[in-house]
1. Quick one: which residue in Arg146, Arg211, Arg184 is of a type in the set (D, E, K, R) and at pLDDT below 60?
2. Filter region 133-149 for residues that are part of a helix (DSSP H, G or I) and either buried (at least 19 other Cβ atoms within 10 Å of the Cβ) or among the hydrophobic types (A, V, I, L, M, F, W, C) (or both) and give the result.
3. Report, by residue number, each residue of region 112-130 that is closer than 21 Å to Gly77 by Cα and in contact (Cβ under 8 Å) with a residue 60 or more places away in the chain.
4. Where the second residue is assigned to a loop (DSSP other than H, G, I, E, B) and the first is over 14 Å from Gly51 (Cβ atoms) and lies in region 5-30, which pairs have Cβ atoms under 7 Å and are six or more apart or on separate chains?
5. For residues in region 96-143 being among the β-branched types (Val, Ile, Thr) and at pLDDT 95 or above, which is farthest from Gln69 (Cα to Cα)?
6. With the requirement that a residue be β-branched (Val, Ile, Thr) and more than 20 Å from the chain's Cα centre (by Cα), what does region 34-57 give you?
7. Can you pull out the residues in region 60-111 that are surrounded by fewer than 16 Cβ atoms within 10 Å (Cβ to Cβ), outside any helix (DSSP H, G or I) and without any contact (Cβ under 8 Å) to a residue 40 or more places away in the chain?
Amino acid sequence: MDQGLDATREGLLDAMLMHVPFDGWSDGALKAAARDLGLSQDELHAICPRGAIDLAVAYHKRGDSALAQALAQADLGAMRIRDRVAFAVRSRLEASDDKEAVRRGTALFALPQHAPEGARLIWSTADTIWDALGDTSDDFNWYSKRAILSGVYSSTVLFWLGDDSVWEQATWAFLDRRIEDVMRFEKLKAQVKDNKVLNGLFAGPNWLLSRIKPPSREMRTDLPGRYSGQYSDRT
């Protein structure tokens, strides 16, 4: 998508957020936002070929972008790892300044046809956090860290949506408890690793898990059929 369409999509998203509290992330809200901006049906289809779901995804990704900026500006080196994770999850929630939009989005992505998309978005948020925190794992731990954090983030979002405490202190206390649970689990893993008997019993599975690698971040350029942007006069 070119910059012009990107800018129009952002404007359309802002316009739709005015309708989401009443109509949810629906095609009705999308069409109302398009009317507000004077967009034609063809323009709307070019921006959101799948309809309202595209803007719901864009809203989540906007929050992830704000999170990445917040983490880049924070002094993470002065924090313990558990404090870094708590800060990151809290920053992500604070980036979602429209709780009703998040509530409606949660309902949308709970639908069977959209659940896989919702799971990918949550995974992407967890991946954004771990990348910003400098995660260097290159085996199964890459996946387990993101899976565990996805669970922490998801449960905290659900608690946050129903939290009416002052300054949402109940949510931050809930988040601290979830992270404490994770730290206990990590401590147990370390104890198993340090125990010669248990470590020997798990030697096979541990070796197998160490062979699992995270997906490559680099785009392959040696695949057939890929356009490189360079002209060749070979026939």
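The values are calculated or read from the model by the stated rules, or taken from the named source; none is laboratory data. As the structure is a computational prediction, the values presented were derived from the model and not from experiment. Methodologically, a virtual Cβ is constructed for each residue, glycine included, from the backbone with ideal geometry; neighbour enumeration extends over all protein chains shown.
1. One residue alone meets the criteria, Arg211.
2. Phe140, Trp142, Lys145, Arg146, Ala147, Ile148, Leu149, listed by residue number.
3. Of everything in region 112-130, those that are closer than 21 Å to Gly77 by Cα and in contact (Cβ under 8 Å) with a residue 60 or more places away in the chain turn out to be Thr125, Thr128, Ile129.
4. Leu17/Asp98
5. Thr106
6. Ile47
7. Ala74, Asp75, Met79, Arg80, Asp97, Ala110, Leu111
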